[in-house]
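Just so you know, all these numbers are worked out from the coordinates, no wet-lab data involved. Bear in mind the structure is a predicted one, so any value in this text is a computation, not a measurement. Reconstructed Cβ throughout: ideal geometry from the backbone, glycine too, with neighbour counts over all protein chains shown.
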Amino acid sequence: MSDFYTLSATSLQGQVINMSEYKDKVVLIVNTASKCGFTYQYEGLQDLYTKYKDQGFVILGFPCNQFGEQEKGSSDEITEFCQINYGVDFQMFEKIDVNGENEHPIYTYLKQQKPGFLGSKKIKWNFTKFLVSKQGEVVKRFGSTTKPQKLVGTIEKLL
């Protein structure tokens with residue numbers, strides 16, 4: 001069993017969700033923010049989710065306030081923002097750190113599996129994306145500037 005499936009996180013509604021719930025699904029994990037220059041990507045992410053969710057594709061959004069304090073909202077405010085502005089209905093989690101001593105274990109794992117540019121283990125900005133296969137293998141890392149629609153080919157291959 002992949003180590004990914006041993007991890008868990010808390011949803012915006014306060015429910016602990018085990019990553020093992022996503023076995024046999026293709027998972028896209030994204031660190032998000034409501035006040036970022038890349039926030040518009042919520043729309044593309046929702047489009048991907050709507051298009052592929054019936055084929056076993058899920059998106060897990062992790063709000064993060066580590067980059068320019070662009071996610072100051074509470075869980076309720078984040079939920080409201082995502083739903084009202086982008087119709088987000090993919091799984092969103094509580095705000096976390098993706099770097100540093102308080103980083104969430106999911107991000108520690110993701111960065112170990114797919115380091116960034118020149119082997120860096122740091123997340124550089126909001127909307128960095130990790131794609132996880134149906135077997136729990138971290139197969140690809142995409143930077144903030146990669147728009148969600150650019151992931152279509154890779155997602156379709158994994159489905």
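When the helix-only estimate is applied to the chain (DSSP H runs of n ≥ 4, each -39,500 (n - 2.57), divided by the residue count), what is the mean residue ellipticity at 222 nm, nearest 500 deg cm²/dmol?
When only DSSP H runs of four or more count, the value is -7500 deg cm²/dmol.
Fully extended, how many nm does the chain gain between THR50 and GLN83 (0.36 nm per residue separation, minus their Cα-Cα distance)?
Full extension of this stretch gives 10.5 nm more.
Give me THR154, THR145 ranked fewest to most by other Cβ atoms within 10 Å of their Cβ, as a rough exposure proxy.
Least to most surrounded, the residues fall as THR145, THR154.
Report the label-to-label distance for GLU101 and LYS140 in nanometres (one decimal), using points 7 Å from each Cα along the Cα→Cβ vector.
Here the modelled spin labels are 3.7 nm apart.
So how much slack lies between GLU21 and LYS124, counting 0.36 nm per residue of separation and subtracting their Cα-Cα distance, in nm?
Taking 0.36 nm per residue and subtracting the Cα distance, the gain is 34.2 nm.
For THR108, THR39, what's the fewest-to-most ordering of other Cβ within 10 Å of each Cβ? If you can, show how the numbers build up before the last one.
Numbers: THR108 14, THR39 19.
Listed from fewest to most nearby Cβ atoms, that is THR108, THR39.
Scan around GLY37 for amide H atoms under 5 Å from its own, H built in the peptide plane at 1.01 Å from N, and keep only partners 5 or more places away or cross-chain.
none
When only C-alpha pairs under 8 Å and at least 6 residues apart count, what is the relative contact order of segment 2-58, in percent?
Reported as a whole number, the value is 29 percent.
Per residue of segment 83-93, in order, report the coupling 6.51 cos²θ - 1.76 cosθ + 1.60 (Karplus, θ = phi - 60°) as ³J(HN,Hα) in whole Hz, putting x for Gly and Pro.
6, 5, 8, 10, x, 4, 10, 7, 5, 10, 10
With 10 Å bins from zero, work out the P(r) of segment 3-158 over every alpha carbon pair and list the percent per bin.
11, 45, 39, 5
Show me, for segment 102-107, the HN-Hα J-couplings you get by feeding each phi into the Karplus relation (A = 6.51, B = -1.76, C = 1.60, θ = phi - 60°), rounded to Hz, glycine and proline as x.
Per-residue couplings from phi come out as 9, 5, 5, x, 4, 6 Hz.
Hey, which aspartates and glutamates would be in cross-link range of LYS124, C-alpha to C-alpha under 15 Å, not counting anything within fewer than 8 residues on its own chain?
GLU69, ASP97, GLU103
Of GLY136, GLY73, GLY100, which has the largest mean-square fluctuation in a 10 Å C-alpha GNM of the chain?
Comparing GLY136, GLY73, GLY100 in a Gaussian network model of the chain, the most mobile one is GLY100.
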